[in-house]
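First up is the structure itself, then whatever we jot down about it.
Nothing in this text is a laboratory measurement; each read-out follows from the coordinates by a stated rule. As the structure is a prediction and not an experimental result, all values here were calculated from the model. Neighbour counts are summed over all protein chains in view; Cβ atoms, including those assigned to glycine, are modelled from backbone coordinates with ideal geometry.
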Amino acid sequence: MNQAELIVLVVKLWAGAGVLVAIPFLIFGMDRLDEDARGAYVFRPLLVPGIVLIWPAVVWRWYVLGSGKDTWPVKYRPRRHNHQWFALAMPIAIVAILVMGLSARQIWPVDIAPVQLSPAAEVSQ
């Protein structure tokens, strides 16, 4: 067995396991985990390719949400103690950027005279 055959075999096994996870998840698991998905069967075939690709993550989330061990409120609680510093720093940074941008001037050589551009010549055929 060469390397290409081994890669194809691994991809087939991964996809097969993904299909074996996708079918029961879409039939049974989705109704239990998401109350908004109950009775909505038309969009589920659209999820099959994604579930086939990331089936280990789907199995893990299915287990965690199904067992009630999910601690998402603690994990995703925003860290608001830094917000006051950003609320102060952002207006100062915006004003500083505007002042620096408006104060930057181009310095031209003094001995170069301005040249008036003439209009483009008409082309006759």
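Some observations on this one:
- Top of Val110, Val58, Val99 by mean-square fluctuation, Gaussian network on the chain, Cα under 10 Å: Val110
- From the coordinates shown, Cα Rg over 2.2 N^0.38 Å corresponds to which of (1) 2.25; (2) 1.25; (3) 1.10: (1)
- Axis of helix 44-53 versus longest Cα principal axis of the chain: the two differ by about 80°, to the nearest ten degrees.
- Nearest-ten-degree value, helix 83-103 long axis tilted from longest Cα axis of the chain: 30 degrees
- For the chain, the relative contact order is 22 percent, taking Cα pairs closer than 8 Å that sit 6 or more residues apart in sequence and dividing their mean separation by the residue count.
- Radius 13 Å from Cβ of Tyr63, net charge of other residues (Lys, Arg +1; Asp, Glu -1): +2
- Within the chain, the longest run free of exposed loop sites, counting chymotrypsin sites (Phe, Trp or Tyr not before Pro) that sit outside DSSP helix and strand states (H, G, I, E, B) and have at most 13 other Cβ atoms within 10 Å, spans 77-125.
- Viscosity 0.890 mPa s, 25 °C: Kirkwood-radius Stokes-Einstein D of region 3-75 over Cα pairs, µm²/s: 181 µm²/s
- Estimated 222 nm signal from helices in the chain, with DSSP H stretches of n ≥ 4 weighted -39500 (n - 2.57), rounded to 500: -18500 deg cm²/dmol
- On Cα atoms only, tilt of 3-24 relative to the major axis of the chain in degrees: 70 degrees
- Note on the chain: with a GNM built from Cα contacts shorter than 10 Å, the maximum mean-square fluctuation among Pro24, Pro91, Pro45 falls on Pro91.
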